[in-house]
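What follows is a single structure, written as structure tokens, with notes after it.
The values are calculated or read from the model by the stated rules, or taken from the named source; none is laboratory data. Note that the coordinates shown come from a computational prediction; the quantities given were computed from them, not determined experimentally. Note: ideal-geometry Cβ built from the backbone for every residue, glycine included; neighbour counts use all protein chains shown.
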Amino acid sequence: MGETIYNKLVRDKIPEIILESGRKCETEILNEEFFIKMLDKKLDEELEEYHRDHSPEELADLLEVIYATAEARGCTAAQLEEIRNKKVEERGGFANRILLKRVISD
């Protein structure tokens with residue numbers, strides 16, 4: 001019988017999936033402060049996974065953590081999208097693939 005220590009934030013159904021597979025797990029419900037800290041850590045983890053795989057699944061995971069982080073910090077997904085759209089209107093997106101090489105001042 002083996003044991004693996006994770007101590008990481010997981011999706012809500014993961015403990016259920018583990019139990020259904022015949023294994024046991026130990027979980028904890030986090031307070032708000034530690035939840036936000038673990039979300040920030042999860043963002044880093046998911047970004048690393050995306051950099052390794054470049055898959056749409058990893059982008060979707062990253063987006064899920066971004067939405068959860070926004071919610072935990074008091075911003076709904078709709079509000080986040082509104083902020084994103086405003087920035088696109090004001091500053092543009094990335095469709096034109098522009099690389100700013102330098103700015104010259106007089």
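Annotations for the structure displayed:
- Residue in region 32-54 that is more than 25 Å from residue 5 (Cβ to Cβ) and modelled with pLDDT of 95 or more present: yes
- Test: residue in region 60-78 that is in contact (Cβ under 8 Å) with a residue 24 or more places away in the chain and touching an Asp or Glu at 6+ places or on another chain (Cβ under 6 Å): yes
- Restricting region 84-106 to residues that are in a loop (DSSP other than H, G, I, E, B) and among the basic types (Lys, Arg), the residue that is nearest to residue 67 (Cα to Cα): 97
- Residue match in region 63-74 (condition: assigned to a helix (DSSP H, G or I), within 24 Å of the chain's Cα centre (by Cα) and more than 24 Å from residue 44 (Cα to Cα)): no
- Among the residues of region 8-59, the one identified as touching a residue at least 12 places away in the same chain (Cβ under 8 Å), in a helix (DSSP H, G or I), over 13 Å from the mean Cα position of the chain (by Cα) and closer than 17 Å to residue 72 by Cα is 32.
- Scanning region 49-106 for residues that are surrounded by fewer than 10 Cβ atoms within 10 Å (Cβ to Cβ) and within 30 Å of residue 34 (Cβ to Cβ) gives 51, 52, 74, 78.
- When 104, 66 are checked against the criterion of being under 24 Å from residue 10 (Cα atoms) and either modelled with pLDDT under 95 or among the β-branched types (Val, Ile, Thr) (or both), 66 stands alone in meeting it.
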